[in-house]
1. Just checking, which of 84, 54 is farther than 20 Å from residue 24 by Cβ and surrounded by 15 or more Cβ atoms within 10 Å (Cβ to Cβ)?
2. Hey, can you tell me all the residues within the stretch 37-56 that are over 19 Å from residue 4 (Cα atoms) and not aliphatic (A, V, I, L, M)?
3. Evaluate the following for residue 119: is it outside the structural domain of residue 198 (by TED's automatic domain parsing), without any contact (Cβ under 8 Å) to a residue 24 or more places away in the chain and touching a strand residue (DSSP E or B) at 6+ places or on another chain (Cβ under 7 Å)?
4. Going through the stretch 194-215 one residue at a time, which ones are of a type outside the set (Asp, Glu) and at pLDDT 70 or above?
5. Restricting attention to the stretch 1-57, which residues are touching a strand residue (DSSP E or B) at 6+ places or on another chain (Cβ under 6 Å) and either under 16 Å from residue 80 (Cα atoms) or outside the structural domain of residue 69 (by TED's automatic domain parsing) (or both)?
6. Kindly indicate whether residue 230 is loosely packed, with under 14 Cβ neighbours inside 10 Å, assigned to a strand (DSSP E or B) and either modelled with pLDDT of 80 or more or not assigned by TED's automatic domain parsing to the domain that holds residue 115 (or both).
7. Among the residues of the stretch 128-138 satisfying the criterion of being at pLDDT 80 or above and not in a strand (DSSP E or B), which is surrounded by the most Cβ atoms within 10 Å (Cβ to Cβ)?
8. Restricting to the stretch 139-152, and then to whatever is among the charged types (D, E, K, R) and part of a loop (DSSP other than H, G, I, E, B), can you tell me which residue is modelled with the lowest pLDDT?
Amino acid sequence: MARRYLDQRLRLSLLRAVDAVEAQGSLLKASVTLGISQPALTKNLQELEDILQLRLFDRHSREVIPTPQGNMFVGAARRILADLHRLEEDLDEYVSLSSGTVAVGVLPVAAAGVLPGLIARLRTSHPNIKIRLQQGRTTDLVPLLASGELDLIVGRLYEPALPDGFKREALWSEPIAIFARSGHPIFSERIRVEFLRHYDLVLPTMGQRVGQEIEHLLARLHLEPTAPLRQALTTSFAKC
């Protein structure tokens, strides 16, 4: 196979094009994001596919789907763009040792809870530090952390089934509380585990990680409620 000479032929605009198309899933939306016309974007993709000698996307009537080779190239393109972005930030740090940019991924619950206070304290202690936030789900943010586009993620992150090389550090703990109507007999005196056995409990579904945590706690307490009820939670952390 003839050499592609990627180091001589690839342009950053082509990398940005393939990144935008994969992210938007549409040539029209990607062209708007990039600020170019759709025909110009289509021409860039055709040029890139000619250089790589590969088909990167399958075009459908309403969407554009990356091929396996396209997914591989998109990942590489994003790593290159992230490295250049980090290089620019590193160069900025030479202007002032107390300046720089931190790219933080944040899960929904942390975005509304602990993060605002942390950002306020950081800006007070290091006013020249810039913070770049990106909110999303775990499945969206972890790949960005792996590619270097994010420096860290704040939120409910569980240990994976298989090691992924990331270090997880606990910043806070969340207590599990019992809620009941005002005047419920369970609050007539100090709550004891044996009291809970006499009442029905509304619990999260087992498909949610928080539901599994509660199941684990009930098992440790040797608590088997008489008729546990399952209810799908709609809180944002159940999506993480």
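The values are calculated or read from the model by the stated rules, or taken from the named source; none is laboratory data. For clarity, every value in this text was computed on a predicted model and none was experimentally measured. All Cβ positions, glycine included, derive from the backbone under ideal geometry; neighbour counts span all protein chains shown.
1. Values: 84 fails: surrounded by 15 or more Cβ atoms within 10 Å (Cβ to Cβ).
Every option except 54 fails the conditions.
2. Looking only at the stretch 37-56, we keep the residues that are over 19 Å from residue 4 (Cα atoms), and these are 37-42.
Listed by number, the residues that qualify are 37, 38, 39, 42.
3. Numbers: outside the structural domain of residue 198 (by TED's automatic domain parsing): yes; without any contact (Cβ under 8 Å) to a residue 24 or more places away in the chain: yes; touching a strand residue (DSSP E or B) at 6+ places or on another chain (Cβ under 7 Å): yes.
Against the criterion (outside the structural domain of residue 198 (by TED's automatic domain parsing), without any contact (Cβ under 8 Å) to a residue 24 or more places away in the chain and touching a strand residue (DSSP E or B) at 6+ places or on another chain (Cβ under 7 Å)), residue 119 qualifies.
4. Kept after step one, since they are of a type outside the set (Asp, Glu), are these residues of the stretch 194-215: 195-199, 201-212, 214.
Result: 195, 196, 197, 198, 199, 201, 202, 203, 214.
5. Within the stretch 1-57, 22 is the sole residue that qualifies.
6. On the way: loosely packed, with under 14 Cβ neighbours inside 10 Å: yes; assigned to a strand (DSSP E or B): yes; either modelled with pLDDT of 80 or more or not assigned by TED's automatic domain parsing to the domain that holds residue 115 (or both): yes.
When the stated conditions are applied, residue 230 passes them.
7. 136
8. Residues of the stretch 139-152 that are among the charged types (D, E, K, R), as a first pass: 140, 149, 151.
Now restrict to residues that are part of a loop (DSSP other than H, G, I, E, B): 149, 151.
On the way: 149: 84, 151: 87.
Checked the stretch 139-152; the qualifying residue modelled with the lowest pLDDT is 149.
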